[in-house]
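The values are calculated or read from the model by the stated rules, or taken from the named source; none is laboratory data. This is a predicted model, so every value here is computed, not measured. Glycine gets a Cβ as well: all are built from the backbone with ideal geometry, and neighbour counts include every protein chain shown.
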């Protein structure tokens, strides 16, 4: 009994001293300073393709510079620019064997202003069948590294019409995905499509803290800084969707963690801090970012999404999406032994949150990439009442609890950052 008492006492003393040190860096006052700027009316909801989101990116980059992070590949800028393709439809025609396909039943995702393909063009033929999850299947083909001709069952006529509003990603490799609403499965076909193509610029914000001994092994801390911008006014006349919780809270956490690990200055693995853009319109920022890294070299990814409110278990708690897919959660729990904080498995598994945030791209490649959140994803009135509303403002958040969550992420990741623990990989055969 005496031995256990002494061990527990030493552990408590260690956590007390450690807590005193970390509190000087991560605290409610500093968390509020950052959160207040990111979610202010001046940021106008940080919508993609607006001057407001550029202001937010500049603020985050300035914070990274003040902290002393390096720029990616010593580029001299923290902004990781990329482009989405905006297409204006001009014409489309297709012939399947001896049948002509109506123009309205043809939708193409491509960066090419002109496409002409036939059965010898090397496109993989695929099908979205009646009863399939249309969005899940469609995005799977859009995200693929191959070019596809996707034959869509006629029961999805409404979904096909809605596809015209989807943003087109600029593919890193030349490829196109063509969807055609049809009951046919042709042996021979000819398809000709023309668009007016322009490019829309976006930017992730990325800062690097090089590792001491394992520079080519990466640990990623991320959150998305875009939101919905200015929209329909609520009953109070407020039209700015500030996105204080979604996801200025996660971006605030990334900045605080960068400050903490820079001052600690003992990371063996390289740490990458990234604020993603374009999450709200399809996760394009994280998808582009993921293409810049060999997934085999990414030891872990901590994606932080909506941590400004209490979880269903109350304060000093959060959940991890996809908890059962790797042993990363167990490692975090081990590092938090003796503390008052607890991580839980995601209680909202029917929502498939593991596939719905910026962790998903790297997770699909086997990286132990998980999202940490406190957001309540239940039915009203037990959900997040301000989600995607103008009322998602800083006044609805708990700064003290937020700072405790950020500290817990910092402490729980210690052994992974130090290269002492490496989480198991995601079994990609089980992923969608």
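Do we find that residue 420 is farther than 29 Å from residue 36 by Cβ, at pLDDT 95 or above and surrounded by fewer than 15 Cβ atoms within 10 Å (Cβ to Cβ) in this structure? Taking the combined requirement at face value, the residue satisfies it. Residues that are modelled with pLDDT of 95 or more, surrounded by fewer than 15 Cβ atoms within 10 Å (Cβ to Cβ) and under 19 Å from residue 191 (Cβ atoms) within the range 125-147 comprise 125, 127, listed in sequence order. Checking each residue in the range 288-333 for being over 19 Å from the mean Cα position of the chain (by Cα), without any contact (Cβ under 8 Å) to a residue 60 or more places away in the chain and under 13 Å from residue 372 (Cα atoms) picks out only 317. Condition (residue is surrounded by 20 or more Cβ atoms within 10 Å (Cβ to Cβ), touching a strand residue (DSSP E or B) at 6+ places or on another chain (Cβ under 9 Å) and more than 18 Å from residue 358 (Cα to Cα)) applied to the range 303-314: is it met by at least one residue? Yes - at least one qualifying residue is present in the range 303-314.
One residue stands out among those in the range 239-269 that are outside any helix (DSSP H, G or I) and out of contact with any helix residue (DSSP H, G or I) (no Cβ under 9 Å at 6 or more places or on another chain): the one that is surrounded by the most Cβ atoms within 10 Å (Cβ to Cβ), which is 241. Looking at (1) under 29 Å from residue 46 (Cβ atoms); (2) touching a residue at least 12 places away in the same chain (Cβ under 8 Å), which one does residue 380 not meet, given that it meets all the others? Unmet for residue 380, out of (1) under 29 Å from residue 46 (Cβ atoms); (2) touching a residue at least 12 places away in the same chain (Cβ under 8 Å): (2). Exactly one residue out of 109, 96, 89 is at pLDDT 95 or above, assigned by TED's automatic domain parsing to the domain that holds residue 148 and on the phi < 0 side of the Ramachandran plot, and it is 96. Check whether at least one residue in the range 198-207 is loosely packed, with under 15 Cβ neighbours inside 10 Å and not in a strand (DSSP E or B), and report yes or no. No. Residues of the range 28-43 that are surrounded by fewer than 18 Cβ atoms within 10 Å (Cβ to Cβ) and either under 23 Å from residue 408 (Cα atoms) or in contact with a strand residue (DSSP E or B) (Cβ under 7 Å, 6 or more places away or on another chain) (or both): 28, 29, 32, 33, 36, 41. For the range 78-95, the tally of residues that are within 25 Å of residue 201 (Cα to Cα) and in a strand (DSSP E or B) stands at 12. When the range 148-177 is examined, which residues are found to be in a loop (DSSP other than H, G, I, E, B) and modelled with pLDDT of 95 or more? Scanning the range 148-177 gives a single hit, 153. Of the residues that make up the range 148-159, is at least one closer than 15 Å to residue 176 by Cβ, surrounded by fewer than 12 Cβ atoms within 10 Å (Cβ to Cβ) and not assigned by TED's automatic domain parsing to the domain that holds residue 283? No, there is no match, as no residue in the range 148-159 is closer than 15 Å to residue 176 by Cβ, surrounded by fewer than 12 Cβ atoms within 10 Å (Cβ to Cβ) and not assigned by TED's automatic domain parsing to the domain that holds residue 283. Of everything listed in (1) more than 26 Å from residue 421 (Cα to Cα); (2) modelled with pLDDT under 95; (3) within 21 Å of the chain's Cα centre (by Cα), the single unmet condition for residue 380 is (3). When 61, 52 are checked against the criterion of being within 24 Å of the chain's Cα centre (by Cα), closer than 26 Å to residue 210 by Cβ and either part of a helix (DSSP H, G or I) or modelled with pLDDT under 95 (or both), a single residue qualifies: 61.
Per the conditions (1) surrounded by fewer than 18 Cβ atoms within 10 Å (Cβ to Cβ); (2) assigned to a strand (DSSP E or B); (3) at pLDDT 95 or above, the sole criterion not satisfied by residue 221 is (1). Of all the criteria given as (1) on the phi < 0 side of the Ramachandran plot; (2) at pLDDT 95 or above; (3) within 18 Å of the chain's Cα centre (by Cα); (4) surrounded by fewer than 24 Cβ atoms within 10 Å (Cβ to Cβ), the one not satisfied by residue 366 is (1).
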